[in-house]
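Written below as structure tokens is the structure these notes are about.
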Amino acid sequence: SFLVTCLFAEFDDAAHLLAANPDATTISIDEPAEAHKTQHSRRQEPGREEDDELLGTDDSDKTELLAGQKKSAPFWTFEYYQTFFDVDTYQVLDRIKGSVFPVPGRNFVRLYVRSNPDLYGPFWICATLVFAIAVSGNLSNFFIHLGRPTYHYVPEFRKVSIAATTIYAYAWLVPLALWGFLMWRNSKVMNIVSYSFLEIVCVYGYSLFVYIPTAILWIIPQKVVRWVLMIFSLCLSGSVLVMTFWPAVRDDNRRIALATVGTIVLLHALLSVGCLAYFFDAPEVDFPAPIIPAQNGTTLITKVK
């Protein structure tokens with residue numbers, strides 16, 4: 001009876017509080033259970049968790065977006081650009097591994113870039129690739145003509161500037177065009193996932209890493225070996241781009257989505273084929289034939305191949 005009396009006393013106190021403040025809100029103990037049910041049912045929706053993992057649209061991104069809303073330094077200050085290079089060695093190595101060993105069905109931006117996109121890795125990868133292509137191209141030309149009596153090796157320094165213009169233009173202008181296209185399609189189709197310009201540059205920069213060892217191996221004076229290496233590198237780096245940008249356009253019109261991915265692969269293939277054809281498979285230069293005087297007063301011209 002004492003317990004019943006205590007319960008009635010609590011109900012009395014609650015009634016007095018409600019009478020004193022009619023606008024007070026009440027909390028039902030059933031609400032957490034209902035919320036749990038709703039959350040459980042959302043987790044059970046087929047394909048939802050997989051899409052969130054692939055596209056990066058789960059709750060973890062909300063935290064990243066809120067973190068990105070922090071006030072940043074003005075763009076004319078050194079601190080503004082310093083944030084783009086704020087990355088440690090382990091992150092760079094991890095992203096390089098992800099670009100060299102792509103996992104089917106895994107998004108490169110989601111796994112490696114979105115937490116902290118950087119320009120440090122892409123900048124130095126492009127710089128290293130420029131010198132690897134230029135130096136390897138000169139060495140390849142030297143080994144091809146090695147042993148010819150009329151050949152004199154002359155370094156072609158212009159290859160450095162041509163390689164730098166080509167690589168950096170591709171690593172910046174193509175991501176800029178792709179970013180603008182994704183922003184435009186995002187305004188047309190609400191379900192399209194859009195990447196930031198920095199994330200796209202980061203993906204393109206790291207995808208070029210596999211061409212550094214490939215350019216060194218292109219010194220081998222065998223065309224078949226060079227083209228096999230080129231196709232292998234193209235498949236690796238191209239798969240990184242396809243697995244990254246296909247989830248961003250797959251909800252768009254089917255023809256537009258396929259055309260977008262096809263254009264990305266085509267431009268990537270043109271870069272690979274162009275570098276191999278210009279720097280390594282350039283046509284051989286005809287050297288002037290030596291003039292050998294004959295004993296009867298005439299001259300003989302021998303053709304050197």
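Every read-out reported here was derived from the displayed coordinates using simple, explicitly stated rules and does not represent laboratory data. Fair warning: this is a prediction, and the values are worked out from it, not measured in the lab. Please note: Cβ atoms are built from the backbone with ideal geometry, for glycine as well, and neighbour counts cover all protein chains shown.
Summary table
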{"item": "Peptide ranges 223-232, 91-100 listed from the most packed, as the mean C-beta count within 10 angstrom indicates", "result": "91-100, 223-232"}
{"item": "Local electrostatic count, Ser136, Cβ distance below 13 Å [Lys/Arg +1, Asp/Glu -1]", "result": "0"}
